[in-house]
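Student: The structure follows.
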Amino acid sequence: MKNHSRKTYSLINLPALLCNYNQIDNLTPNSKTIAVIKANAYGHGAVEVAQYLSKHVPAFGVALIDEAIELREAGITLPILIMEGALSREDFSTALQQNFWLMLHTTQQVEWLTSSFPNYVGKLWLKMDTGMNRLGIKPDEIKNILTKLTAQQLEEIVLCTHFSSSDELNNPKTQLQIQEFDRINQIFGLKKSLANSAGILHWPESHGDYNRLGLALYGSNPTPVEKLAVTLTPVMTLQSTIISLRQLSEGESVGYGEMWQAKRPTIIATIAIGYADGYPRNAKNGTPVFINGNIAPLAGRVSMDMLTVDVTDISDVKLGDSVELWGENLAVETVAEYLDTVNYELLTRVSNRVTRIYRS
Ligand SMILES: *Cc1c(COP(=O)(O)O)cnc(C)c1O
């Protein structure tokens, strides 16, 4: 959507993407790092991100077959892993015919393979449930399945699991999941894939033949309280402008439900972004917004197309000034804390009404 006069943009810094990727990839010289670009590349634009990274990464990861097809149609020829797998026999056939890397995570999908494609020898991912209890096949069942596959098929299998708590560095769960994984895989010696962003950054024992890098690729820290060994640069900067300024007397309120009252003479700036753009309505008073080099607090309810900020303490504020909701100067993980959510959700829910502008 062209909203040039409104100037509400998501600026996407493509070189930062590559810089983040290379630093993280260098942490694991013995692993291949798959760039996870599901959910429209965490809101950054899957096709643009894939085109930019194509020469630098071994493969992409998406959640859905439709996301994989979109990338192929845009000319992306690298392998694409479909992490949620094929949910019907028809999709299963389509995925194998299109040479996607399929995640097998139910015994039914394994049955589709053995009944319809018994001689298939392309790469396949097999997901073991080591305690996330969302997707995947239990370890004992995995053993049964693997003993039935041919040596040639086993050669191409990547045994995979997903962590429930890898962002909690003191939680013993991740270690237990790794142990359970290794217990099974030492029987078969398959290629392996365990680590997400937090796994790559904090759990060296989880590094496998393939790691699956999502959030940190986009420059956001999956463990906001921890310092990282790499310097990540936020790829997305969500930006808007001041479209109105007003002076309030002590005691006056702002916006729907009078959720904020002035305790002193106050200058309120109205910003052209709201919950229909993906800035959540549950933002609390005081949520930080970056204006003219300073942090100013949100004041009053976020509405559909606008939000309001107390800029009394910011100098030289004028109509048309640009405002950063999160990005290079204000980490999305910091903002997420005020919104009772996580960086993942904020990035992925920026709506289509916000034009993405790519800097290469
Ligand atoms: C989304 C996802 C990832 C990437 O996770 P991040 O925490 O964003 O790095 C890895 N593996 C699976 C199965 C996923 O669904």
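Student: Please find, within the range 201-212, the residue that is farthest from residue 15 (Cα to Cα) out of those that are touching a helix residue (DSSP H, G or I) at 6+ places or on another chain (Cβ under 6 Å) and either near the ligand (Cβ under 9 Å from one of its atoms) or part of a loop (DSSP other than H, G, I, E, B) (or both).
Tutor: Among those that are touching a helix residue (DSSP H, G or I) at 6+ places or on another chain (Cβ under 6 Å) and either near the ligand (Cβ under 9 Å from one of its atoms) or part of a loop (DSSP other than H, G, I, E, B) (or both), it is 203.
Student: For the list (1) out of contact with any helix residue (DSSP H, G or I) (no Cβ under 6 Å at 6 or more places or on another chain); (2) modelled with pLDDT of 95 or more; (3) of a type outside the set (Lys, Arg), I need the number of the one condition that residue 99 fails.
Tutor: Of (1) out of contact with any helix residue (DSSP H, G or I) (no Cβ under 6 Å at 6 or more places or on another chain); (2) modelled with pLDDT of 95 or more; (3) of a type outside the set (Lys, Arg), only one is false for residue 99: (2).
Student: In this structure, is residue 191 within 20 Å of residue 344 (Cβ to Cβ) and away from the ligand (no atom under 13 Å from the Cβ)?
Tutor: Spelling it out, it is not the case that residue 191 is within 20 Å of residue 344 (Cβ to Cβ) and away from the ligand (no atom under 13 Å from the Cβ).
Student: Something else: So the check is Cβ under 7 Å with 6+ separation or different chains; which pairs have a first residue in the range 335-355 that's without any contact (Cβ under 8 Å) to a residue 60 or more places away in the chain and a second one that's part of a loop (DSSP other than H, G, I, E, B) and basic (Lys, Arg)?
Tutor: Here the result reads 338/284, each pair linking the range 335-355 to a residue that is part of a loop (DSSP other than H, G, I, E, B) and basic (Lys, Arg).
Student: Restricting to the range 322-343, name every residue that is buried (at least 17 other Cβ atoms within 10 Å of the Cβ) and either under 20 Å from residue 276 (Cβ atoms) or more than 27 Å from the chain's Cα centre (by Cα) (or both).
Tutor: 323, 324, 325, 326, 327, 332, 335, 336, 338, 339
Listed here are the residues, each with its yes/no results for (1) in the same structural domain as residue 174 (by TED's automatic domain parsing); (2) under 23 Å from residue 146 (Cβ atoms); (3) more than 24 Å from the chain's Cα centre (by Cα).
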| position | (1), (2), (3) |
| --- | --- |
| 63 | yes, no, no |
| 73 | yes, no, no |
| 85 | yes, yes, no |
| 94 | yes, no, yes |
| 116 | yes, yes, yes |
| 130 | yes, yes, no |
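Student: Report every pair of residues separated by at least 6 positions or lying on different chains whose Cβ atoms are under 7 Å apart, first residue within the range 301-328 and on the phi > 0 side of the Ramachandran plot, second part of a loop (DSSP other than H, G, I, E, B) and buried (at least 20 other Cβ atoms within 10 Å of the Cβ).
Tutor: That search, which allows pairs on different chains as well, returns 327/234.
Student: Picking from 18, 11, which residue would you name as being more than 30 Å from residue 319 (Cα to Cα), outside the structural domain of residue 112 (by TED's automatic domain parsing) and more than 16 Å from the ligand (Cβ to nearest atom)?
Tutor: Only one candidate passes the filter, namely 18.
Student: Inside the range 104-199, counting only helices (runs of 4 or more DSSP H) that do not spill past its ends, which hold 1 or more residues that are touching a helix residue (DSSP H, G or I) at 6+ places or on another chain (Cβ under 9 Å) and among the aromatic types (Phe, Trp, Tyr)?
Tutor: 107-116, 173-188
Student: Please go through the range 44-77 and give me each residue that is within 16 Å of the ligand (Cβ to nearest atom) and part of a loop (DSSP other than H, G, I, E, B), ordered by number.
Tutor: The answer is 44, 57, 58, 59, 63, 64.
Student: Moving on. Can residue 24 be described as assigned to a helix (DSSP H, G or I), over 20 Å from residue 350 (Cβ atoms) and in contact with a Leu (Cβ under 8 Å, 6 or more places away or on another chain)?
Tutor: yes
Student: Only one residue in 142, 187 is in contact with a strand residue (DSSP E or B) (Cβ under 7 Å, 6 or more places away or on another chain) and within 21 Å of residue 206 (Cα to Cα), so which one is that?
Tutor: Just one listed residue meets the conditions, 142.
Student: Scanning the range 246-292 for residues that are hydroxyl-bearing (Ser, Thr, Tyr) and loosely packed, with under 15 Cβ neighbours inside 10 Å, which turns out nearest to residue 349 (Cα to Cα)? Spell out how you get there, then give the answer.
Tutor: So the first thing to find is which residues in the range 246-292 are hydroxyl-bearing (Ser, Thr, Tyr), and the list is 249, 253, 256, 266, 270, 275, 279, 287.
So of that shortlist, the ones also loosely packed, with under 15 Cβ neighbours inside 10 Å come out as 249, 253, 256.
Values: 249: 36, 253: 29, 256: 23 Å.
My answer is 256.
Student: Within the range 77-84, is there a residue that is touching a helix residue (DSSP H, G or I) at 6+ places or on another chain (Cβ under 7 Å) and over 19 Å from residue 211 (Cβ atoms)?
Tutor: Looking through the range 77-84, none of the residues is touching a helix residue (DSSP H, G or I) at 6+ places or on another chain (Cβ under 7 Å) and over 19 Å from residue 211 (Cβ atoms).
Student: For the range 112-144, give me each residue that is more than 30 Å from residue 174 (Cβ to Cβ) and surrounded by fewer than 17 Cβ atoms within 10 Å (Cβ to Cβ).
Tutor: 114, 115, 116, 117, 118, 119, 120, 121, 122
Student: Working carefully through the options 170, 185, find the one that is free of Cβ contacts under 8 Å to residues at least 12 places away in the same chain and not assigned by TED's automatic domain parsing to the domain that holds residue 338.
Tutor: 170
Student: Hey, another quick one. Take the residues in the range 1-59 that are closer than 20 Å to residue 160 by Cα and among the polar types (S, T, N, Q), then tell me which one is surrounded by the most Cβ atoms within 10 Å (Cβ to Cβ).
Tutor: Among them, the one singled out is 33.
Student: Please determine whether any residue of the range 167-184 is within 12 Å of the ligand (Cβ to nearest atom) and buried (at least 16 other Cβ atoms within 10 Å of the Cβ).
Tutor: So far as the range 167-184 goes, yes, one or more of its residues are within 12 Å of the ligand (Cβ to nearest atom) and buried (at least 16 other Cβ atoms within 10 Å of the Cβ).
The values are calculated or read from the model by the stated rules, or taken from the named source; none is laboratory data. Only a predicted model underlies this, so the values are computations on that prediction, with no experimental measurement involved. Because the Cβ atoms are built from the backbone with ideal geometry, glycine has one as well, and the counts that use them run over all protein chains shown.
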